[in-house]
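Down below is the structure, laid out as structure tokens.
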Amino acid sequence: MKINSAEFIISNSDVKKCPNEPLPEYAFIGRSNVGKSSLINMLTGKKSLAKTSSKPGKTQLINHFKINSNWYLVDLPGYGYAKVSKSTKAVFQKFITEYFEQREQLVCGFVLIDIRLEAQKIDLDFINYLGESQIPFCIIFTKADKIGKVKAQQNIAAYRKKLLAAGWEEIPQYFVTSSLESSGRDELLDFIDDINKQ
Ligand code: GTP
Ligand code: MG
């Protein structure tokens, strides 16, 4: 899919105030610093569309970006950032779960996982929560430029094993991306395009 336009529409801490249009949307979630906002910039080809930072905790709201005037990418705050105060964490958590549970326009969530790391409990918990809530999602392994292809495949195999041990029948559909090298872009955009055409 070609991206002809990508524009920031609105930031919210209240899911009820998100855009009131029946357009399909795709949301990025995952630990702080995993690369959610960078991936939005990579996909849209706009370097500074979503705000990024080397310090975790940059995105603090639900951010809607309208793509090609007919669908949305949604950037969410990260979970699991130790330095955010307990009360801030609780607020983030509240509107993240409200978003996933209440947003009718959500077609598919993408759980971002740093490909270098062993499976983290907080990610497995979130994946299990989405599964139990029957919310459609895929996994995106990020920062693939940071390790070699063989190691990446080994880490994905280890992740799959963890999910099977946690009761999953198979690893959900997944993508491997690098925002630095723009890899995984076509696969992800084609996946979204196929759903939008249905
Ligand atoms: P929060 O908004 O804090 O939840 O973080 P985020 O998940 O939006 O992460 P963000 O996109 O701000 O990126 C965090 C850091 O990781 C930045 O320093 C990015 O440059 C870096 N980064 C993101 N994606 C990649 C990638 O694919 N490769 C490399 N090497 N670095 C990346
Ligand atoms: Mg961010």
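Each reported figure results from applying straightforward, stated rules to the coordinates on display, with no laboratory input. Remember, it's a predicted structure, so these values are computed and weren't measured experimentally. Reconstructed Cβ throughout: ideal geometry from the backbone, glycine too, with neighbour counts over all protein chains shown.
To the nearest 500 deg cm²/dmol, what mean residue ellipticity at 222 nm is calculated for the chain from DSSP H runs of n ≥ 4 alone, each contributing -39,500 (n - 2.57), summed and divided by the residues?
On the way: 5 runs with 68 residues, N = 198.
It lands at -11000 deg cm²/dmol.
Checking the cross-link filter: which aspartates and glutamates have an alpha carbon closer than 20 Å to that of residue 55, excluding same-chain neighbours under 8 positions apart?
75, 114, 123, 145
Remind me, relative contact order of the chain in percent, using alpha carbon pairs under 8 angstrom and six or more residues apart?
Computed over the chain, the figure is 23 percent.
About the Cα centre of the chain, how large is the charge dipole given +1 on each Lys and Arg Cβ and -1 on each Asp and Glu Cβ? Please answer in debye to the nearest 20.
940 debye
Once you order the gyration tensor axes a ≥ b ≥ c over the Cα atoms, which shape class does the stretch 126-198 get: rounded for a/c under 1.5, otherwise prolate or oblate by comparing a/b with b/c?
oblate
Amide H to amide H under 5 Å from residue 72: which residues, 5+ apart in sequence or cross-chain, H placed 1.01 Å off N in plane?
For residue 72, the qualifying residues are 25, 26, 67.
For the chain, what class follows from the C-alpha gyration tensor (a ≥ b ≥ c being the square roots of its eigenvalues): rounded when a/c is under 1.5, otherwise prolate if a/b is larger than b/c, else oblate?
Rounded.
Name the residue from 137, 172, 152 whose Cα lies farthest towards the positive end of the charge dipole of the stretch 6-197, charges +1 on Cβ of Lys and Arg and -1 on Cβ of Asp and Glu.
Going by the Cα projections, it comes out as 152.
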